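Take a look at the structure set out below.
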């Protein structure tokens, strides 16, 4: 009885793991073990092996490829863009698209400012692009996402008040181009 419950527990744990990590592939080895687990009658001789394989997030490669096509110094920060977007509930294309309109993807900005977002009128200096990405992502979360604004159309009027209609159009256009990679 103990072994039967133990095996069911393992099977349930694997199912929960699969649900918790959507980018994870689980592969149970030994078909007779799978059938025995399904019937709840696995013996001590049968073992369950789970192979957990994290698939590379294709958004990182998509973003890196797009930024490289723009000769952007931000290309090496593609993974940071995706991490920050996931952490703060933003579309992974949003911050890079803002950088597109504000600094030509980090190519035109105050020297050594590492501020591709035009944050603070472009006059705020960061220690690195990574710091800028993390800071602006966090601030957009605090100021916008928490109150239900998470699209360019909802954020534009506060991010770029003097010309938000053009800003929204440009950001959405860059986001669409990133999707086509």
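The values are calculated or read from the model by the stated rules, or taken from the named source; none is laboratory data. Quick caveat: nothing in here was measured; it's all calculated off a predicted structure. Note that each Cβ is placed from the backbone with ideal geometry, even for glycine, and that neighbours are counted across all protein chains shown.
Hey, among 151, 135, which residue is under 22 Å from residue 181 (Cα atoms) and at pLDDT 95 or above?
That would be 151, the only listed residue that is under 22 Å from residue 181 (Cα atoms) and at pLDDT 95 or above.
Can you say whether residue 156 is surrounded by 21 or more Cβ atoms within 10 Å (Cβ to Cβ), without any contact (Cβ under 8 Å) to a residue 24 or more places away in the chain and more than 23 Å from residue 59 (Cα to Cα), as far as the supplied structure shows?
Numbers: surrounded by 21 or more Cβ atoms within 10 Å (Cβ to Cβ): yes; without any contact (Cβ under 8 Å) to a residue 24 or more places away in the chain: yes; more than 23 Å from residue 59 (Cα to Cα): yes.
So residue 156 passes the test.
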